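Enquirer: Structure below; questions to follow.
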Amino acid sequence: MSTVSTLASILVTVALTVALGALSQWPVHQEPDEAVVRLSWRTEPVRVEECRALTEEELAGVPAHMRRTEECVGGFVDYALTLAIDGRQALTDTLAPSGLRRDRPVHVLHDETVDPGKHRVEVTFSALVPAEDPRREDGSVTLRWSGQMSLEPGEIGLVTLGPSQSRLVHRDPDGP
């Protein structure tokens, strides 16, 4: 390699290094002009099963240590998620439990950008259990939160599961 090409290589390398250093100092942060309503939680799926008692004929050929009194067939249900902001439907989605057998937790993560200010927010998260399931009557398969959020530019209003995992709560951006 000649001296000229070596000097040219060194010069190009130095120039690129200086340019990279200068560009790494370039300010890229912009002040946000929007706020975010964030839905974020994880919950175990609801299992729905139908059981029937086994007959004596069905149990006759089964060894005593393997006998069970009933046989159950079922699976895990999907969930309906809705988000309304100021009376406008912002999200309607159906979520399925994760995992090959759909037996892993259901993960919710959704960001909805909004203008800064006060907003009326309503969130509903319901397990889609059959109509005859008794859990539908006591409301244990539906979680709701509705309330007012006051958000500044760049703030995130979080709706998540409460400590008991049995209700949705709002975490204030200024609070704990």
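The values are calculated or read from the model by the stated rules, or taken from the named source; none is laboratory data. Please read all numbers here as calculations on a predicted model, not as lab measurements. Don't worry about glycine lacking a Cβ; one is built from the backbone with ideal geometry, like all the others, and counts go over all protein chains shown. For accessibility, only protein heavy atoms count, side chains too; no ligands or nucleic acids. Shrake-Rupley method; radii C 1.70, N 1.55, O 1.52, S 1.80 Å.
Enquirer: Out of P105, S24, H170, whose Cα points farthest toward the positive end of the dipole of the chain (charges: +1 Lys, Arg; -1 Asp, Glu; placed on Cβ)?
Expert: S24
Enquirer: Hey, another quick one. For a quick check: with amide H placed at 1.01 Å from N, whose amide H comes under 5 Å from L54's, ignoring anything fewer than 5 positions away on the same chain?
Expert: Hits under the 5 Å cutoff: E70, E71.
Enquirer: A further question follows. How large is the direction-averaged shadow of the alpha-carbon convex hull of the stretch 46-169, in nm²?
Expert: 11.0 nm²
Enquirer: Before rounding to the nearest 500, sum -39500 (n - 2.57) across all DSSP H runs of length at least 4 in the chain and divide by the residue total; then give [θ] at 222 nm in deg cm²/dmol.
Expert: Helix contribution divided over all residues of the chain: -5500 deg cm²/dmol.
Enquirer: At 1.4 Å probe size, with no ligands or nucleic acids counted, give the accessible surface of E44 in Å², nearest ten.
Expert: 100 Å²
Enquirer: In addition: Angle, helix 3-24 long axis vs. longest principal axis of the chain, Cα atoms, 0 to 90°, nearest 10?
Expert: Taking the Cα atoms of the chain, the angle to 3-24 is about 60 degrees.
Enquirer: Okay, next question. Just grab the label-to-label distance for R38 and T124, each label 7 Å out from Cα along the Cβ direction, in nm (one decimal).
Expert: Each label point lies 7 Å from its Cα, and together they span 2.6 nm.
Enquirer: Now a separate question. When Rg is the radius of gyration of the Cα atoms in the stretch 48-93 and Rh is its Kirkwood radius, what does Rg/Rh come to?
Expert: Reported Rg/Rh, Kirkwood definition of Rh: 1.49.
Enquirer: Provide the per residue accessible area, probe 1.4 Å, for the stretch 1-109, rounded to a whole number of square angstrom.
Expert: On a per-residue basis, 75 Å².
Enquirer: Next up: Of all accessible surface on the chain at a 1.4 Å probe, what whole percent is carbon and sulfur?
Expert: Ligands and nucleic acids excluded, carbon and sulfur reach 55 percent.
Enquirer: Could you tally the net charge around D103, taking each other residue with its Cβ under 10 Å from the Cβ of D103, Lys/Arg +1 and Asp/Glu -1?
Expert: Taking every Cβ under 10 Å from that of D103, the sum is +3.
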